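Working notes for the structure below.
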Amino acid sequence: MTSSSDRSLTVDVQESKSYEIRTYGCQMNVHDSERLSGLLEDAGYVRAPEGSDGDADVVVFNTCAVRENADNRLYGNLGRLAPMKTKRPGMQIAVGGCLAQKDRDTIVKKAPWVDVVFGTHNIGKLPVLLERARVQEEAQVEIAESLEAFPSTLPTRRESAYAAWVSISVGCNNTCTFCIVPALRGKEKDRRTGDILAEIEALVGEGVSEITLLGQNVNAYGSDIGDREAFSKLLRACGQIEGLERVRFTSPHPRDFTEDVIAAMAETPNVMPQLHMPLQSGSDTVLKAMRRSYRQERYLGIIDKVRAAIPHAAITTDIIVGFPGETEEDFEQTLHVVREARFAQAFTFQYSKRPGTPAATMENQIPKKVVQARYERLVALQEEISWDENKKQVGRTLELMVAEGEGRKDGATHRLSGRAADNRLVHFTKPDVEVRPGDVVTVEITYAAPHHLLAEGAVLDVRRTRAGDAWEKRNAAEAAKPAGVMLGLPQIGIPEPLPVATSSGCGRD
């Protein structure tokens, strides 16, 4: 005879819970969400189908606190889930990330139907917090003040089988007046080089052929041990890993961008000719008010040195328009730098107050109408430059790593999409032979638009890769996986961590 407790246990074994993660913000959050997915799947949850839109047993919001309206966006989304939770007994909602680190108890007060609030330093606790909330039937709020486990030591469910993020540091030691990240992610903490390289080698062993080194201030790597050349040494070490075809990194800071890094980029074949170098403003006055520790001359000097060493490098940037006190003359200086640097792309933002930052209380906040007008002028200039720079690619023969899901119109146009070495997005004619994400094709560029390139002729060469094999293997495994069936009880808690690292960085179709 089976007891009621045994019957409930049988249900637990046979029916797994689904989860959905909604990610906002920077690449750090994207990488953290891969870890959250890994943690939940390691604990027995299964990913909800695409387009579930809240129709999951657990919905996790991985939040960003950079924009002024971040909290309004979160509470609006939470409000839309409230009636769904009422109709679905057992559904749980968790809020993590930078906004959770900042607002803490406020979230549960404003949205009492939230079950779990966790911060940027303790993402590994999510499964146990969900279970504790279920058992105790009350919200669990747990915000750690310092890092508990380096993100890369946690389980993962990577979004790509052929490309991967690899964190080399967390936190930031800068004090930019517009940024709240250091207050939420803490001081910079670097991983041991050996741990980083071991992770990369393991990823390559699984079929990954492209990695992106990730940090809030990635090229400050080594500050913990006082080695100013640690980052360039890491790039060169990546060049020694057999099977690793492409190495990228984001985001560097002009303050820490040294000539040894430029040399390492130029001399290491698998380090790609691409650089994302945040400008923020071209005005020395505004840069000083932002507490950015470089000036226009220093910034343009870096760009010149990169172009001299790597002539075909594609350089992208971030720019903020309308910082408090920005005059028309200050804005003209930004336009001047854009004309001189000739960025392949620029991610442009209208300044908005970040609660808790010094800039939020500065005098001379710029009227919205003025900011909008300047923003439109900047975008128009950059669009013109991006198009001109892309036109220079016409006639070139490029190797592309075939991408998954980057061309929204590919189905209608019978094309595929890929990324060139410099990270430009290229749409190309689908060849007669099978081509998988992660494979490499050679094409000739025939047309340029501001945000993408076209290769309308026949593909010149197709190289099947281990990365393509990995993509094919993973898709086959996903297709064969029974939906909603578990092979055992969920594991609750944090998996056994790797050895703790000791101290030695924010395309269109």
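The values are calculated or read from the model by the stated rules, or taken from the named source; none is laboratory data. In this text, all values refer to a predicted model and were calculated from it rather than measured experimentally. Positions of Cβ are backbone-derived with ideal geometry, glycine not excepted, and every protein chain shown enters the neighbour counts. Please note that ligands, DNA and RNA were not included when accessible areas were found on the heavy atoms of the full protein model with its side chains. Shrake-Rupley method; radii C 1.70, N 1.55, O 1.52, S 1.80 Å.
Figures for the structure shown
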| item | result |
| --- | --- |
| Spans of strands (runs of 3 or more DSSP E) in the stretch 416-472 with at least 1 residues buried (at least 21 other Cβ atoms within 10 Å of the Cβ) | 425-429, 440-444, 453-455 |
| Subset of the stretch 324-349 (residues that are open to solvent by less than 60 Å² (accessible area, probe 1.4 Å), under 25 Å from I302 (Cα atoms) and not hydroxyl-bearing (S, T, Y)) | E326, D330, F331, L335, V337, V338, A341, F343, A344, Q345, A346 |
| Checking S417 against (1) within 29 Å of V321 (Cβ to Cβ); (2) in contact with a Gly (Cβ under 9 Å, 6 or more places away or on another chain); (3) modelled with pLDDT of 95 or more; (4) not hydrophobic (A, V, I, L, M, F, W, C), the condition it does not meet | (1) |
| Selection from the stretch 253-281 of residues that are open to solvent by less than 10 Å² (accessible area, probe 1.4 Å) and either touching a His at 6+ places or on another chain (Cβ under 6 Å) or of a type in the set (F, W, Y) (or both) | F257 |
| Leading residue by the ranking (nearest to P450 (Cα to Cα)) among those in the stretch 317-375 that are among the charged types (D, E, K, R) and in a loop (DSSP other than H, G, I, E, B) | R342 |
| Qualifying residue in the stretch 483-506 (condition: open to solvent by 60 Å² or more (accessible area, probe 1.4 Å), at pLDDT 50 or above and either of a type outside the set (S, T, N, Q) or in contact with a Pro (Cβ under 7 Å, 6 or more places away or on another chain) (or both)) | no |
| Test for A314: is it among the small types (G, A, S), at pLDDT 95 or above, open to solvent by less than 20 Å² (accessible area, probe 1.4 Å) and touching a Leu at 6+ places or on another chain (Cβ under 6 Å) | no |
| Residues (within 30 Å of I241 (Cα to Cα) and among the small types (G, A, S)) located in the stretch 172-196 | G194 |
| Residue under evaluation V181, criteria (1) modelled with pLDDT of 90 or more; (2) farther than 21 Å from D422 by Cα; (3) among the hydrophobic types (A, V, I, L, M, F, W, C), criterion not met | (1) |
| Pairs with Cβ under 9 Å, 6+ apart, first in the stretch 154-168 and small (G, A, S), second modelled with pLDDT under 75 and open to solvent by less than 20 Å² (accessible area, probe 1.4 Å) | S167/F150; S167/P151; S167/S152 |
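Here's the yes/no breakdown for (1) surrounded by 18 or more Cβ atoms within 10 Å (Cβ to Cβ); (2) more than 21 Å from the chain's Cα centre (by Cα); (3) at pLDDT below 85:
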residue	(1), (2), (3)
S4	no, yes, yes
T10	no, yes, yes
L40	yes, no, no
G44	yes, yes, no
G54	no, yes, yes
